[in-house]
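**Student:** Below are the structure tokens for one structure; questions will follow.
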């Protein structure tokens, strides 16, 4: 059952939400335009605000549902974490899109909302505060990811707990997936949401 849950979580995470919205609404391949990501931010830039909102909600749901299934059937912290990792992996490297998906910020948020709603909402709060000040989605995602392990440590008070370890891994993964964004931020070239035409 545990191995089956891991596979289900991967396929759940790999549902190409943003790609499908781009194809059906604008007949575009998000992997070939903008940042090349199939996540909500690239949908916002190239498809529109409401499609981006729905992509974000669905992608959050993928991470949340994967962990909730693991919690229901196993009630083991390690497998909850592995289910979350599988969903994130599916989102970043979806089998349907030859391994080119999104950056897993929304799916990661869903996972942490399921693991610890306090940490999930605190991370979302940091994201929204930075976004309100900077208008830069990538910067908001990066800073929320940086604070994630600290928030998890403050919640569980241990560094050897699976929840803390996954928060550290996800933090590093999100930062690595935003390497090109970081370079654009440092050059002052990163797009702001108030400059978008969609």
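Each value in this text was obtained by applying a stated rule to the coordinates, not by laboratory testing. Only a predicted model underlies this, so the values are computations on that prediction, with no experimental measurement involved. So basically every Cβ, Gly included, is an ideal-geometry build from the backbone, and we count neighbours across all protein chains shown.
**Student:** When only C-alpha pairs under 8 Å and at least 6 residues apart count, what is the relative contact order of region 2-195, in percent?
**Tutor:** Details: 312 pairs, mean separation 38.0, N = 194.
Contact order relative to length: 20 percent.
**Student:** Please list 120-128, 23-31 highest first by mean number of surrounding beta-carbon atoms within 10 Å per residue. Numbers along the way, then the final one.
**Tutor:** On the way: 120-128: 18.1, 23-31: 15.3.
Descending mean neighbour count gives 120-128, 23-31.
**Student:** Same structure again: Calculate, in nm to one decimal, what residue 24 and residue 11 gain on full extension: separation in residues at 0.36 nm each, minus their alpha carbon distance. Could you put the intermediate results ahead of the total?
**Tutor:** On the way: separation 13, 0.36 × 13 = 4.68 nm, distance 2.09 nm.
Full extension of this stretch gives 2.6 nm more.
**Student:** OK, next. Against the longest principal axis of the chain, how steep is helix 105-115, in degrees 0 to 90 to the nearest 10, with axes from Cα atoms?
**Tutor:** Rounded to the nearest ten degrees, it is 20.
**Student:** Which angle from 0 to 90°, rounded to the nearest 10, does the C-alpha axis of helix 137-156 make with the longest principal axis of the chain?
**Tutor:** Taking the Cα atoms of the chain, the angle to 137-156 is about 10 degrees.
**Student:** How far is it, in nm, from the label point at residue 77 to the one at residue 159 when both lie 7 Å from their Cα along the line to the Cβ?
**Tutor:** A separation of 1.6 nm, rounded to one decimal place.
**Student:** To continue, here is another question. Using 0.36 nm per residue of separation minus the Cα-Cα distance, give me the extension gain between residue 133 and residue 4 in nm, one decimal. Mind dumping the intermediate values first?
**Tutor:** Values: separation 129, 0.36 × 129 = 46.44 nm, distance 4.30 nm.
Residue separation times 0.36 nm, minus the Cα-Cα distance, leaves 42.1 nm.
**Student:** How far apart, in nm, are the 7 Å Cα→Cβ label points at residue 175 and residue 194?
**Tutor:** In this crude spin-label approximation the distance works out to 2.9 nm.
**Student:** With n ≥ 4 as the cut-off for DSSP H runs, can you work out [θ] at 222 nm for the chain, using -39500 (n - 2.57) per run divided by the number of residues, rounded to the nearest 500?
**Tutor:** Numbers: 10 runs with 144 residues, N = 198.
Calculated mean residue ellipticity at 222 nm is -23500 deg cm²/dmol.
**Student:** Quick one: angle between helix 77-92 and the longest Cα principal axis of the chain, in degrees between 0 and 90, rounded to 10, please.
**Tutor:** 20
**Student:** For region 2-195, what does the convex hull of the Cα positions come to per residue, in cubic angstrom? Present the calculation step by step, with values, prior to reporting the outcome.
**Tutor:** Working: hull volume 20.7 nm³, N = 194.
Spelled out: Cα convex hull of region 2-195, divided by residues, is 107 Å³.
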